[in-house]
1. Tell me which of these Arg75 doesn't satisfy, since it passes every other one: (1) in contact with a Phe, Trp or Tyr (Cβ under 8 Å, 6 or more places away or on another chain); (2) under 18 Å from Ile25 (Cβ atoms).
2. Kindly indicate whether Gly62 is loosely packed, with under 10 Cβ neighbours inside 10 Å, outside any helix (DSSP H, G or I) and among the small types (Gly, Ala, Ser).
3. Quick check: anything in the range 1-20 closer than 20 Å to Pro108 by Cβ and not polar (S, T, N, Q)?
4. Kindly provide the set of residues from the range 65-84 that are exposed (fewer than 14 other Cβ atoms within 10 Å of the Cβ) and assigned to a helix (DSSP H, G or I), ordered by number.
5. Could you look through the range 60-72, keep only residues that are touching a Phe, Trp or Tyr at 6+ places or on another chain (Cβ under 8 Å) and of a type outside the set (Val, Ile, Thr), and pick out the one that is farthest from Val24 (Cα to Cα)?
6. Working only within the range 9-59, note down all residues that are free of Cβ contacts under 8 Å to residues at least 12 places away in the same chain, part of a helix (DSSP H, G or I) and farther than 22 Å from Arg75 by Cα.
7. Would you check if there is a residue in the range 103-110 being touching a residue at least 60 places away in the same chain (Cβ under 8 Å) and under 15 Å from Ala38 (Cβ atoms)?
8. In the range 52-86, which residues are of a type in the set (A, V, I, L, M) and out of contact with any helix residue (DSSP H, G or I) (no Cβ under 6 Å at 6 or more places or on another chain)?
Amino acid sequence: MESSVYCEHYQQAVELIGGRWTGVILRALLGGVHTFNALTTAIPGLSDRMLSERLRELEREGIVERRVFAEIPVRIEYHLTEKGRGLSDVVDSVISWLGKWGAEEPAPLLTEQ
């Protein structure tokens, strides 16, 4: 049997976490940022529309859980699932790689105040 470097599952995973804005959204969620407004504040240049799309995509993939609190006004938070928290090693590895090979030190992780 001939081995191949191509793996469809690997490609799907890399395309998911490597999607535009997805990595920084994951990093913010890992840092404790949980509300939509806090995410848009923590990530300069990220539009509301793009954030909504990415959060829905991550929710469909079982990486993010949307929690709705029946308060007035309604409060919505986004949290990583166990599957999503499993990506912390991947994010840490990218940060380490950037620390070694990037032109600048990585910015510290922002947390929600």
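1. Arg75 satisfies every listed condition except (2).
2. Judged against the criteria, Gly62 is not a match.
3. Taking the range 1-20 first, the residues closer than 20 Å to Pro108 by Cβ are none.
So far as the range 1-20 goes, no, none of its residues is closer than 20 Å to Pro108 by Cβ and not polar (S, T, N, Q).
4. Glu82, Lys83
5. Applying the first criterion (touching a Phe, Trp or Tyr at 6+ places or on another chain (Cβ under 8 Å)) to the range 60-72 yields 64-67.
Within this subset, residues satisfying the condition of being of a type outside the set (Val, Ile, Thr) are 65-67.
Working: Glu65: 17, Arg66: 18, Arg67: 20 Å.
Filtering the range 60-72 for residues that are touching a Phe, Trp or Tyr at 6+ places or on another chain (Cβ under 8 Å) and of a type outside the set (Val, Ile, Thr), the one farthest from Val24 (Cα to Cα) comes out as Arg67.
6. His9, Tyr10, Gln11, Gln12, Ala13, Val14, Glu15
7. Yes: the range 103-110 contains one or more residues that are touching a residue at least 60 places away in the same chain (Cβ under 8 Å) and under 15 Å from Ala38 (Cβ atoms).
8. Leu55, Leu58, Val68, Ala70, Ile72, Val74, Ile76
Since every read-out is calculated from the coordinates, none of them should be taken as a lab result. Note that the coordinates shown come from a computational prediction; the quantities given were computed from them, not determined experimentally. Please note: Cβ atoms are built from the backbone with ideal geometry, for glycine as well, and neighbour counts cover all protein chains shown.
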